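Bear in mind these aren't lab numbers, they're just calculated from the coordinates by the rules spelled out. All values derive from a computational prediction rather than experimental measurement. Because the Cβ atoms are built from the backbone with ideal geometry, glycine has one as well, and the counts that use them run over all protein chains shown.
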Amino acid sequence: MTFVAHFAVCYTQILNAEAKICGELPEFAKSAQTLREFYKIMLLTRLFDQRAISLQRTGKMGTYAPVNGQEAIGTAIGHALEKDDIFIPYYRDYAAQLQRGVSLHEILAYWGGDERGNNYVKTCHDPGICVPIASQCLHAAGIAFALKYKNTKNIALVALGDGATSEGDFYEAINVAGAWQLPLVFVINNNQWAISVPLNKQTKCETLAQKAIAGGFTGEQVDGNDILALRQVIGEAITKARQGKGPSLIEAISYRLSHHTTADDATRYQPEAEVKEARNKEPLIRFKQFLFDQKILTEELEQEIQKSCTEEVNAEVDKFLHMPKPQVTSAFDYHFATFPDYLIEQRATAIEEEENNALS
Ligand SMILES: Cc1ncc(C[n+]2csc(CCOP(=O)(O)OP(=O)(O)O)c2C)c(N)n1
């Protein structure tokens with residue numbers, strides 16, 4: 001017997017859980033301004049997340065998917081992409097979306113069931129949040145194909161969870177990305193859980209990164225709590241795609257330090273000891289410690305950043321709470337180019353009922 005092929009999956013960490021540098025410091029990490037920007041985005045996302053949960057708990061917004069503990073992934077994605085690239089998000093990508101120009105009040109509107117939350121005023125070429133698991137991978141493959149076909153230098157980046165890698169849509173996208181050498185980067189937020197299904201029940205694979213190998217391209221792991229490693233690895237994959245060298249897959253190892261959504265109770269299935277350990281590894285605390293150690297942050301500067309993030313969140317929440325009521329027809333108008341008869345009828349009934357309610 002002879003071996004006909006060899007594969008390897010590598011793992012990158014630059015800033016470890018003890019906030020110590022354990023890898024080569026990338027060029028971008030030499031800019032104090034860039035590092036403060038990372039911190040600000042991660043903090044803004046965390047504060048936003050807390051407010052969004054409060055809005056749901058007080059009946060002012062619908063079900064919401066928190067991102068606590070996974071802020072570094074979106075921060076790196078948003079920072080690494082160029083404006084004209086296309087980001088195809090799933091529902092834990094607020095940190096990336098806000099850097100793309102999506103307003104926080106638009107995200108709140110989305111979770112409030114308001115169609116205007118899908119209509120990004122400043123970032124209209126990025127698709128909206130995708131909840132049907134893994135379907136966004138195929139949208140991303142189509143988008144990446146179009147970018148290549150049109151000979152642009154832009155790339156597509158799609159985000160997904162660990163559970164999504166068990167879906168047929170994911171495997172089909174991986175296959176086509178490799179076969180057609182698409183300018184596409186897959187970023188998996190491996191937060192160890194798909195609602196209540198732990199990773200060891202999701203797959204027998206040693207890594208999720210290795211799933212790319214079946215598509216004929218590289219998959220690698222990165223510490224998903226390490227903003228420096230994430231920015232480096234995602235940046236390299238984007239450059240590779242932009243140079244016409246094909247797709248990549250990145251598995252970012254994180255932990256979901258929250259309920260799956262506000263409709264879930266993770267304390268019923270996440271082991272306490274595991275959560276405690278994950279809290280010690282979370283991205284914001286270690287990065288803050290690193291910035292203080294490097295004297296890039298001081299107490300005063302940190303408080304300034306806290307204040308400006310809090311003000312931004314307050315202003316966006318205010319905007320969301322004061323949005324004019326959506327048209328009742330918005331529940332119908334964006335699903336079909338041509339309405340089926342039954343929806344024409346339902347739409348007319350909805351308008352009539354709204355008018356009657358206004359009169360009574
Ligand atoms: C096609 C499809 N099947 C099932 C669901 C129900 N569902 C919502 S979230 C979720 C788990 C997804 O887990 P994962 O991909 O790991 O992402 P995470 O939520 O952990 O970030 C499931 C099964 C769905 N939204 N879409």
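May I ask which of K148/K211; K40/K295; K83/K211; K281/K307 have a Cα-Cα span longer than 18 Å here?
Those over the limit are K148/K211; K83/K211; K281/K307.
From the backbone phi of the range 325-331, what are the Karplus-calculated ³J(HN,Hα) couplings (6.51 cos²θ - 1.76 cosθ + 1.60, θ = phi - 60°) in whole Hz, Gly and Pro given as x?
Values, residue by residue: 4, x, 5, 4, 5, 5, 6 Hz.
Which of the listed residues, Y64, G244, L104, is farthest toward the dipole's positive end in the chain, when Lys, Arg count +1 and Asp, Glu count -1 at the beta-carbon?
Among Y64, G244, L104, the one farthest towards the positive end of the dipole of the chain is G244.
Between K325 and A337, what length in nm is gained on full extension when 0.36 nm per residue of separation is reduced by their alpha carbon distance?
Roughly 1.9 nm would be gained on extension.
How big is the charge dipole of the chain about its Cα centre, in debye rounded to the nearest 20, if each Lys and Arg gets +1 on its Cβ and each Asp and Glu gets -1 on its Cβ?
Roughly 860 debye for the chain.
Given the Cα-Cα distance of I285 and Q50 and 0.36 nm per residue of separation, how much length would full extension add, in nm?
Gain in length upon complete extension: 83.0 nm.
If I stretch the segment between Q303 and A19 completely, what's the gain in nm (0.36 nm per residue apart, minus their alpha carbon distance), one decimal?
Gain in length upon complete extension: 100.2 nm.
With a 10 Å Cβ neighbour count serving as the proxy for reagent exposure, in which order, fewest first, do S360, S103, S308 appear?
Lowest count first: S360, S308, S103.
DSSP loop trypsin sites (Lys or Arg not before Pro) in the range 282-355 with at most 15 other Cβ atoms within 10 Å of their Cβ, which ones?
Those that pass, being in a loop and sparsely packed, are K295.
Run the quick spin-label model on W180 and A315: label points 7 Å from Cα toward the beta carbon, then report their separation in nm to one decimal.
4.1 nm
Run through the DSSP bridge list for the chain and note the antiparallel percent, rounded to the nearest 5.
About 10 percent, rounded to the nearest 5.
Provide the FRET efficiency to the nearest 0.05 for the A5-N200 pair, computing r from the beta carbons and using R0 = 25 Å.
With R0 = 25 Å, the Cβ-Cβ based efficiency is 0.40.
How about the range 168-218: which trypsin sites (Lys or Arg not before Pro) there lie in a loop by DSSP and see at most 10 other Cβ atoms within 10 Å?
For trypsin sites (Lys or Arg not before Pro) across the range 168-218 that sit outside H, G, I, E and B with at most 10 neighbouring Cβ atoms in 10 Å, the list reads K204.
Between K150 and E172, how high is the FRET efficiency from 1/(1 + (r/R0)^6) when r is the Cβ-Cβ distance and R₀ = 22 Å? Nearest 0.05.
The calculated FRET efficiency here is 0.50.
Quick one: which residues, 5+ away or cross-chain, put their amide H under 5 Å from the amide H of S254? H built at 1.01 Å from N.
N190, N191, Q192, G224
Taking a ≥ b ≥ c as the square roots of the eigenvalues of the Cα gyration tensor of the range 11-326, is the shape rounded (a/c under 1.5), prolate (a/b larger than b/c) or oblate?
Because its axes are fairly even, with a/c under 1.5, the range 11-326 counts as rounded.
Explain nothing, just the number: dipole magnitude of the range 262-359 about its Cα centre with +1 on each Lys and Arg Cβ and -1 on each Asp and Glu Cβ, in debye rounded to the nearest 20.
Dipole magnitude for the range 262-359 comes out near 480 debye.
Counting other Cβ atoms within 10 Å, keep those with at most 15, restrict to DSSP loop, and tell me which GluC sites (Glu not before Pro) in the range 80-147 are left.
Here the sparse-neighbourhood loop sites are E82.
What FRET efficiency, computed as 1/(1 + (r/R0)^6) with R0 = 51 Å and r the Cβ-Cβ distance, is obtained for S360 and Q33, rounded to the nearest 0.05?
Calculated value: 0.30.
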